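What follows is a short report on a single structure.
Read-outs: derived from the displayed coordinates by stated rules, not from any lab. Note that the coordinates shown come from a computational prediction; the quantities given were computed from them, not determined experimentally. All Cβ positions, even for glycine, are placed from backbone atoms using ideal geometry, and neighbour counts span all protein chains on display.
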Amino acid sequence: MKKKKYLAFFLVAVSLMLLFTACNKGKYGEDTKTKSEEITRSLVQVLAEGDYAKAADDFPYTTRAKEEMDAQNLKILWEGLSEGKGEFREIAGLEDDSWDKELKITVVCSFEKGTAELVVAFDRTVKIKSIYTG
């Protein structure tokens, strides 16, 4: 009889853990989103100023992203984004999209001759995982 009680308790505990894990899947706290958005705004501003070394060195990257996001690659990325669009004007909008293992911030960048989207993906520790054009 005691074994059945312990087994029932164990199964209830496991079920609750699974339930809470499923409910939290893909959700980031407001602090994480706010911090990610602040980092994204700062990063875009630094890229727009052409300070690619600062963009590569002064922002929190995951280990893998740090290897890939050197100044030269960030320059290529930004120049590809802005090609033919003239000078950067402003960030026209931010949109976040959270998944289980990352939070993506899509930035609408306004230029003299149009707009372009840049996506910055963060991990749960608010480190940049990747940056790419949208």
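Quick notes on this structure:
- Estimated vicinal HN-Hα couplings, Hz - the stretch 63-68 in sequence order (Karplus 6.51, -1.76, 1.60; Gly, Pro = x): 4, 5, 5, 4, 5, 8
- Working ranking of peptides 79-85, 35-41, 47-53, 103-109 by packing, defined as the average number of other Cβ atoms within 10 Å per residue, highest first, is 103-109, 35-41, 47-53, 79-85.
- Residue (of ALA56, PHE88, SER110) at the positive-pole extreme of the stretch 28-133, dipole from beta-carbon charges: ALA56
- Derived scalar couplings ³J(HN,Hα) [the stretch 44-60; Karplus, 6.51 cos²θ - 1.76 cosθ + 1.60; whole Hz; x for Gly, Pro]: 4, 4, 5, 4, 5, 7, x, 8, 5, 5, 5, 4, 7, 9, 9, 10, x
- Legend: residue pairs LYS35/LYS104; LYS33/LYS113; LYS35/LYS85; LYS35/LYS66; LYS35/LYS129; LYS35/LYS113, Cα-Cα distance threshold 24 Å; pairs beyond threshold, LYS33/LYS113; LYS35/LYS85; LYS35/LYS113.
- Residues whose placed amide H lies under 5 Å from that of ARG124, excluding near-sequence neighbours: none
- Projected area, mean over directions - the stretch 28-133, Cα convex hull, nm²: 5.9 nm²
- Residues whose amide H lies under 5 Å from that of SER130, counting only those 5 or more places away or on a different chain, are ALA121; hydrogens are built 1.01 Å from N in the peptide plane.
- Whole-Hz ³J(HN,Hα) from phi, Karplus 6.51 cos²θ - 1.76 cosθ + 1.60, for the stretch 127-134, glycine and proline x: 10, 5, 8, 6, 9, 7, 6, x
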